[in-house]
1. When N is the residue count of region B:263-386, what does its C-alpha Rg come to as a fraction of 2.2 N^0.38 Å?
2. Could you estimate the translational diffusion coefficient of region A:1-137 from the Stokes-Einstein equation, with Rh from the Kirkwood formula over C-alpha pairs, at 20 °C and 1.002 mPa s, in whole µm²/s?
3. Expressed in nm², what is the orientationally averaged projection area of the convex hull enclosing the Cα positions of region A:165-233?
4. For every other residue with a beta carbon closer than 15 angstrom to the beta carbon of B:LEU59, add +1 if it is Lys or Arg and -1 if Asp or Glu, then tell me the sum.
5. Could you work out the relative contact order of region A:67-294, using alpha carbon pairs under 8 angstrom and six or more residues apart, expressed as a whole percent?
6. In square nanometres, what is one fourth of the surface area of the convex hull spanned by the alpha carbons of region B:74-127?
7. Assign unit charges at the C-beta atoms only (+1 for Lys and Arg, -1 for Asp and Glu), then state the dipole size of region B:263-386 relative to its Cα centre in Debye, rounded to the nearest 20.
8. Counting other C-beta atoms within 10 Å, and keeping those with at most 10, which DSSP coil chymotrypsin sites (Phe, Trp or Tyr not before Pro) do you find in region A:85-140?
Amino acid sequence: MQRVSKAAGRKAISGDLVFRIVNGLLLGLVALIVLYPLYFVIIASISSPEAVLAGKVVLFPVGVNFDGFRKILERSDIWRGYLNTIIYTVLTVILSLLVTVPAGWALSRKTLPGKKFWMMFFIIPMFFGGGLIPFYNVMSSLKLVNTMWAVILPSILSVWNLFMTKTFFETSIPDGLIEAAKIDGAGQFRVFTSVVLPLSKAIMAVMALYYAVGQWNSYFNAMIFLQDESLYPLQLVLKEILIASESTVGGSGETILEQFRLANQLKYVSVIVSSLPVLCLYPFVQKYFAQGVMIGSLKE
Amino acid sequence: MAALSLKNIQKIYPHSGQSKPRKKKGEPEKKSNLQVTAQGVIAVQAFNLDIADKEFIVLVGPSGCGKSTTLRMVAGLEEISGGELYIDGKLMNDVEPKNRDIAMVFQSYALYPHMTVYENMAFPLKLRKAPKDEIDRRVKEAAAILDITQYLDRKPKALSGGQRQRVAIGRAIVREPKVLLMDEPLSNLDAKLRNQMRAEIIKLRQKINTTFMYVTHDQTEAMTLGDRIVIMKDGWIQQIGTPQEVFDHPANLFVAGFIGMPQMNFFDARLLCEGGKYSVSAGGCTVELSPEKQANLAAKKVPAQDITLGVRPSHMVLSGQHGNTLTAVVEVSELMGSEVHFHANAGGKDVVVIVPTMNADGGRVDSFRSGDKLNLTFSGSVCHIFGQDGKNLEF
Ligand SMILES: Nc1ncnc2c1ncn2[C@@H]1O[C@H](COP(=O)(O)OP(=O)(O)OP(=O)(O)O)[C@@H](O)[C@H]1O
Ligand SMILES: [Mg+2]
């Protein structure tokens, strides 16, 4: 032990090496903490429910079977839920970008008339909500209850995202470019469409992802406002399936125990079914996160 | 192609919300010597200037003196707080930048990073709905003038600093604007490129018919480029004149010290007036002024008084013998090929003297070493006389 440390000390790289080893170990640990639950969900979804319940599934699936997937994917309401969720998500993303990006741009301008008022207008509801019942009343008076707009419209502006967009514009679009465009002959609108928007792909991608993931995973508004099952988004359908399989005693010859076991497997399957598309979306959006769009336009 | 007229232009930057409460009544707050009033910081005041068609005007002055602010008011990027701006006789105070028919080259280049060089240069024409073939023709013409034809398909980030600056200039000239504004366009370039681009701008000027307004803090640029230069300090114009005028007849101590490298030497001196003849006396050296200066002073009936005397380093003359001379002790001598720069001390004041290495009769003068005494004198035609308030007494 002592000899080893002496030798390392002589080589004078010991500090560096130790740091790198400790660093690697810590990062590896963090990665493990993040990745293992994901991995566990995957193996649990294809293992026999008994093995999962008995705690035998740790590193590898035990008693591989796809009953859970079969059970879920053969239901037609799952596919309709998928379709609904996709429609809601796409519409939410489009509408939210249409609202968030121009609003963020306007708020980022020092010359915006009544800027203080508008900031307050957005900040106050960020901290004080009206409560569920007034919310329901509003939606109901607008005749939106039991329509898809009840799920979409409340989600198209997140104040948090709006402020992120505003900050992006304040920090990432140099004033010089805007001034150059004004002198080149662009009006307010032209500056926005020809100069600001093309330089805002990064923030638009991030916003699209945030809004998409938010809408994809949400079920609360749907649960409150939708009665018609044909309008249910995927999350709500999965919830219904889980609840149904846990509570009903099957009439098709299955025993209560079997029902219970299946319910447990369905839990994992539904996690996979609902999160797979979002996981697939990440790689496409990811490149925008770190992209330095401004390189080369201005000399720092 | 336009005449510009700035009448009593003023710019006040209002106090920002935070700094106002700090300010106590009756206690003038100093922000880089700019005047501060209740309304805010006065960045530019009493700016009067008439610019002729196709004239090349250079605004020069130390950092923070209001050069950019003035230019940005002409461009319409900054609101004009007071006074009137006319372009071709039309009042422009409240006209949008895009309707002023001006173009501007920014220090930061401000090229659109998502557009190619060609698109960057075509953008102002496209916004003015010029026909496609005309856009193409004009962009290619400008690119040829600036020698950037081979980069037309590149994005700005694939260009060097000098090339980007050319593109920025190209974008400004394609439109053939009435007035071309440039805010320190060369200050991001290295010394060699800067000299090269300076020459290019002089050439460019001969090729395009436009009124130029050029901001710099570099006096070499100002002296070489400007038809007339405007020297500013703390928001005030100090002097307007041709480069030769401001060099030969600085209006005040500031201009005298600002223009010219190395700086003009200043001495505490006395203006004497005996029998209608003016002379100056500094440290044991009395020199009669030239007839021209005599006339200027006499016309204003300037009385004898204590003055600050200014003499440029190259106007100091080494005198062979002692007597009616200023004595200075050499501290450092720098041999610069054909001339020698002496940094000397005359009665506690630093003096720089530039003399040719060879005398007219072939004698060498570079034999002075540190600690040696110099006997200096100067001619009565090249000295400058400033009163106690710093103003040139001849004006
Ligand atoms: N937005 C602003 N608010 C308050 N004061 C300002 C603002 N912009 C500029 N100033 C002040 O006005 C003065 C003149 O600024 P300006 O940018 O015109 O200087 P400049 O002569 O261009 O200097 P430089 O050579 O450093 O570019 C400065 O003292 C600056 O602090
Ligand atoms: Mg400036």
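1. Values: Rg = 15.1 Å, N = 124, 2.2 N^0.38 = 13.7 Å.
Ratio of Rg to 2.2 N^0.38 Å for region B:263-386: 1.10.
2. 95 µm²/s
3. On the way: hull surface 26.1 nm².
That works out to 6.5 nm².
4. Working: positive: B:LYS11, B:LYS67, B:ARG72, B:ARG228, B:LYS233; negative: B:ASP50, B:GLU55, B:GLU78, B:ASP183, B:GLU184, B:ASP218, B:GLU221, B:ASP227, B:ASP234.
The answer is -4.
5. Working: 193 pairs, mean separation 78.7, N = 228.
35 percent.
6. On the way: hull surface 19.0 nm².
Average projection, Cα convex hull of region B:74-127: 4.8 nm².
7. Values: 10 positive and 12 negative charges, 73 e Å.
Using Cβ point charges on Lys, Arg, Asp and Glu, region B:263-386 gives about 360 debye.
8. Numbers: sites: A:TYR88, A:TRP105, A:PHE117, A:TRP118, A:PHE121, A:PHE122, A:PHE127, A:PHE128, A:PHE135, A:TYR136; in loops: A:PHE128.
Here the sparse-neighbourhood loop sites are A:PHE128.
Values quoted throughout were computed directly from the atomic coordinates according to the rules given, and no laboratory measurement underlies them. No experiment lies behind these values; they were computed from the predicted model shown. Neighbour counts run over all protein chains shown; Cβ positions are idealised from the backbone, glycine included.
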